[in-house]
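The structure under discussion appears below in the form of structure tokens.
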């Protein structure tokens with residue numbers, strides 16, 4: 001039979017470890033139909049059934065890309081692919097897929113980097129055909145593992161005159177968070193996408209280091225032979241941040257530590273009154 005291989009004194013399914021005697025093919029045919037939805041010879045295949053060779057049709061590259069996207073989207077650890085339960089799950093769906101999934105966390109890491117590089121090429125192409133200037137919004141914060149990260153988001157009108165927004169990069173910042181140290185981080189990203197001379201307006205919070213950063217960024221672009229930009233004209237301030245500061249000032253006279261203490265007391269009261 002096409003779906004098995006001959007072994008001593010019997011027949012073994014190629015989709016699972018099941019074995020049967022070669023004295024009769026009835027058991028093997030029943031097994032294929034019941035456990036693998038493969039119809040009996042000469043019977044009509046319904047629309048809900050897989051084709052006879054579907055279990056073998058695995059695109060290893062596409063499978064690895066999907067796993068990489070799943071790991072990133074759900075923020076799973078790279079070592080998930082090494083889990084016996086995960087591999088058993090994949091093997092149950094399709095035995096042939098189990099041998100094609102990443103074998104280690106290092107392989108998953110490499111697959112994710114590859115997907116990122118491909119996505120960056122696509123992003124670069126999209127930015128090159130933008131109908132508008134590329135506007136940037138950015139913010140700096142500390143991650144849970146105490147790394148300073150700057151997120152840079154692009155906003156533009158694409159070739160079909162539709163507004164696009166995308167994260168262009170999340171760059172680690174080393175040293176002091178002064179404007180002159182932040183400017184090279186942003187400039188390097190702009191050079192990667194080749195948009196130094198397509199810049200529009202810049203949105204960030206009211207921190208003074210952002211003003212300094214934009215001045216240094218314009219100077220760096222000019223030193224590299226670019227056009228630069230008018231910092232005062234292009235600098236926009238985040239309305240959400242302004243409202244946040246205004247509310248803090250009204251409620252706590254700008255005393256943020258008092259706000260934090262008040263919130264801690266509220267949480268403590270809720271925990272004390274909650275049933276145990």
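Listed by first and then second residue, the pairs with beta-carbon distance under 7 Å, at least 6 apart or on different chains, first residue in segment 50-74 and farther than 13 Å from residue 98 by Cα and not assigned by TED's automatic domain parsing to the domain that holds residue 105, second at pLDDT below 90 and surrounded by 12 or more Cβ atoms within 10 Å (Cβ to Cβ), are 50/37; 52/38. Among the residues of segment 15-35, write down those that are modelled with pLDDT under 70, within 21 Å of residue 95 (Cα to Cα) and assigned to a loop (DSSP other than H, G, I, E, B). Within segment 15-35, 15, 17, 18 meet the criteria. Within segment 160-198, the set of residues being free of Cβ contacts under 8 Å to residues at least 40 places away in the same chain, assigned to a loop (DSSP other than H, G, I, E, B) and surrounded by 12 or more Cβ atoms within 10 Å (Cβ to Cβ) comprises 173, 177, 178, 196, 197. Within segment 222-241, the residues that satisfy the criterion of being touching a residue at least 24 places away in the same chain (Cβ under 8 Å), within 30 Å of the chain's Cα centre (by Cα) and not in a loop (DSSP other than H, G, I, E, B) are 235, 236, 237, 241. Residue-level analysis places residue 102 outside the set of residues that are surrounded by 14 or more Cβ atoms within 10 Å (Cβ to Cβ), farther than 30 Å from residue 193 by Cα and out of contact with any helix residue (DSSP H, G or I) (no Cβ under 6 Å at 6 or more places or on another chain).
In segment 235-257 there is at least one residue matching the filter, namely being touching a helix residue (DSSP H, G or I) at 6+ places or on another chain (Cβ under 8 Å) and modelled with pLDDT of 95 or more.
The values are calculated or read from the model by the stated rules, or taken from the named source; none is laboratory data. Everything quoted here is computed from the prediction, not taken from an experiment. Neighbour counts run over all protein chains shown; Cβ positions are idealised from the backbone, glycine included.
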